Amino acid sequence: MKVMPKKKKPDKSSDVNIFQILTETAEKEKKKRREELLAPLGIKEFFVEGKITIDKRTCKGLECKLCIKACPTNALFWKSGEVGITEDLCIYCGSCILNCIVDDCIKIMRKRQNGQTERFSKPKDFVTLQHGICARKRFERINDVFPKPETYLEKYKSK
Ligand code: SF4
Ligand code: SF4
């Protein structure tokens, strides 16, 4: 009786590598495209990644369009009776949410370089978030400008 050769199992590790390579290439291309689009505007990116969505069911569209006027990069536009988004131009600044007349209509998720993720969809939440960021920056600045008590003590001891 003829023995049939065993079928070789597919190498799953090579599948993962190809998938990883494709994802990394797509991310690099996206980053390059964003840099090219944002460079003429002189806008610096603060977030390593992000996502913005607009709920077309609750958006007041035609009678509003405030987000389009508020967007500093022209990432939002009016087309075919609704607000469109050019994702490559969005820097997740939150200006559109701050001006939106409908809570939870625009949703933003953004990730900072330190890995911290922020999500907001209401002007109130955005203001609270910004207050927290400013307070933290003030605290860090004070620590930079004024030496700690231990530093004073060390200085006093050495005299
Ligand atoms: S988050 Fe900022 S850049 Fe992005 S669409 Fe809203 S206003 Fe424009
Ligand atoms: S500001 Fe809000 S409600 Fe107004 S058009 Fe933009 S997404 Fe729609």
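Just to be sure, is PRO40 in a helix (DSSP H, G or I), modelled with pLDDT of 65 or more and loosely packed, with under 10 Cβ neighbours inside 10 Å? Spelling it out, PRO40 is indeed in a helix (DSSP H, G or I), modelled with pLDDT of 65 or more and loosely packed, with under 10 Cβ neighbours inside 10 Å. Counting only helices (runs of 4 or more DSSP H) that sit completely within the stretch 76-159, those holding 3 or more residues that are hydrophobic (A, V, I, L, M, F, W, C), farther than 19 Å from LYS51 by Cβ and modelled with pLDDT under 90 correspond to 123-145. Counting only residues that are part of a loop (DSSP other than H, G, I, E, B) and farther than 13 Å from ILE91 by Cβ, which one in the stretch 45-75 is farthest from ligand 2 (Cβ to nearest atom)? Result: ARG57. When the residues of the stretch 86-114 are filtered to those that are more than 10 Å from ligand 2 (Cβ to nearest atom) and among the β-branched types (Val, Ile, Thr), which remaining residue is nearest to THR58 (Cα to Cα)? Taking the candidates together, the pick is ILE108.
Against the conditions (1) within 28 Å of ASP125 (Cβ to Cβ); (2) surrounded by 11 or more Cβ atoms within 10 Å (Cβ to Cβ), GLU35 satisfies every one except (1).
So for the stretch 95-103 (the condition being in contact (Cβ under 8 Å) with a residue 60 or more places away in the chain and either surrounded by fewer than 13 Cβ atoms within 10 Å (Cβ to Cβ) or not hydroxyl-bearing (Ser, Thr, Tyr) (or both)), does at least one residue qualify? Within the stretch 95-103 (the criterion being in contact (Cβ under 8 Å) with a residue 60 or more places away in the chain and either surrounded by fewer than 13 Cβ atoms within 10 Å (Cβ to Cβ) or not hydroxyl-bearing (Ser, Thr, Tyr) (or both)), the answer is no, since none of the residues qualifies.
Within the stretch 90-137, the set of residues being among the β-branched types (Val, Ile, Thr) and in contact with a helix residue (DSSP H, G or I) (Cβ under 9 Å, 6 or more places away or on another chain) comprises ILE91, ILE97, ILE101, ILE106, ILE108, VAL127.
If only residues of the stretch 47-91 that are more than 14 Å from ligand 1 (Cβ to nearest atom) and hydroxyl-bearing (Ser, Thr, Tyr) are counted, the one that is surrounded by the most Cβ atoms within 10 Å (Cβ to Cβ) is THR58.
The values are calculated or read from the model by the stated rules, or taken from the named source; none is laboratory data. For clarity, every value in this text was computed on a predicted model and none was experimentally measured. Every residue, glycine as well, gets a Cβ built from its backbone with ideal geometry; the counts of neighbours run over all protein chains shown.
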